[in-house]
Amino acid sequence: MNRKKYNFSKTKAEEIYGATKELVPVLPKDDFTKCIIKQAVEQLNNASRTVEQLRSLMNKTVARLPEYPVVIALKDIDPSLGPQLMAEIGDVARFTHRNAITSFAGGDPGVNESGDYAQKSVHASKHGSPMLRKTLFQVMDALIKTKPHDDQVYLFMDKKRAEGKAN
C-alpha cells in the first residue's frame with residue numbers, strides 16, 4: 001500500500017478558509033431565536049444538575065464500601081474518579097493475584113515468541129476491560145498534570161521518561 005505524505009498548499013488552505021467563513025451561521029435576532037437559545041441553555045443546566053445529583057448518589061453509595069477510603073486516599077483520585085475506578089474493577093476479592101487484575105485491565109505485556117526467538121519488549125495486550133483502561137488513563141493523566149514530586153508512581157514515570165521511554 002502506497003502511503004501518501006501530506007503536502008501543504010497555501011492556496012488550498014486559503015480556499016478552505018474562505019469557504020468556511022461563508023458557513024458560519026448568523027441567527028436572526030428575533031423572539032423565536034431567543035426562545036430557542038433560552039430553552040437550550042435550560043436543558044444544559046438541567047443536564048448538569050442531573051449529573052451532579054447522580055454523582056452525589058454514586059458517592060453516597062460507594063462510601064459504604066470498605067475499600068472506599070483506600071481508593072480516595074490515592075493521589076489525584078477525586079470523588080468522581082474514585083467511584084468510577086471502583087465500579088470498573090468490581091470486587092477485588094475475585095482476583096487471585098496481582099497479575100490477574102493486571103490482565104483484567106489489559107496492561108499485561110503481549111507475547112511474541114516463536115521457537116528460540118522471544119521478543120523482550122512487547123506492547124500491552126489490551127485484552128480485558130476497555131472502560132477500566134480508560135479510567136486508569138484518566139488517573140494517570142491527572143497524576144502527570146499535577147506532577148506530585150512526593151508520589152512514587154509519578155517519580156517512576158518521570159525517571160522512565162528521562163530515559164526516553166515516553167509510553
Item to check | Near pairs, Cβ below 9 angstrom, 6+ apart or cross-chain, from segment 133-160 (among the β-branched types (V, I, T)) to any residue that is crowded, with 16+ Cβ neighbours inside 10 Å and not in a helix (DSSP H, G or I) | outcome: V139/D76; V139/I77; T146/D76
Item to check | Which listed residue, of Y68, Y17, is of a type in the set (F, W, Y) and under 30 Å from Q138 (Cβ atoms) | outcome: Y68
Item to check | Residue check for S114: surrounded by 11 or more Cβ atoms within 10 Å (Cβ to Cβ) and at pLDDT below 85 | outcome: no
Checklist entry - Which of the residues that make up segment 61-86 are modelled with pLDDT under 90, surrounded by fewer than 16 Cβ atoms within 10 Å (Cβ to Cβ) and either basic (K, R) or under 23 Å from K145 (Cβ atoms) (or both)? => result V70, A73, L74, K75, D78, P79, S80
Checklist entry - Which of the residues belonging to segment 17-56 are assigned to a helix (DSSP H, G or I), loosely packed, with under 10 Cβ neighbours inside 10 Å and at pLDDT below 90? => result Y17, G18, A19, T20, K21
Checklist entry - Residues of segment 145-159 being more than 14 Å from I77 (Cβ to Cβ) and outside any loop (DSSP other than H, G, I, E, B), which ones? => result Q152, L155, F156, M157, D158, K159
Checklist entry - Listed residues L54, L65, L74; which is hydrophobic (A, V, I, L, M, F, W, C) and in contact (Cβ under 8 Å) with a residue 60 or more places away in the chain? => result L74
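The values are calculated or read from the model by the stated rules, or taken from the named source; none is laboratory data. Computed from a predicted structure; not experimentally measured. No Cβ is skipped: glycine too gets one built from the backbone with ideal geometry, and neighbour counts run over all protein chains shown.
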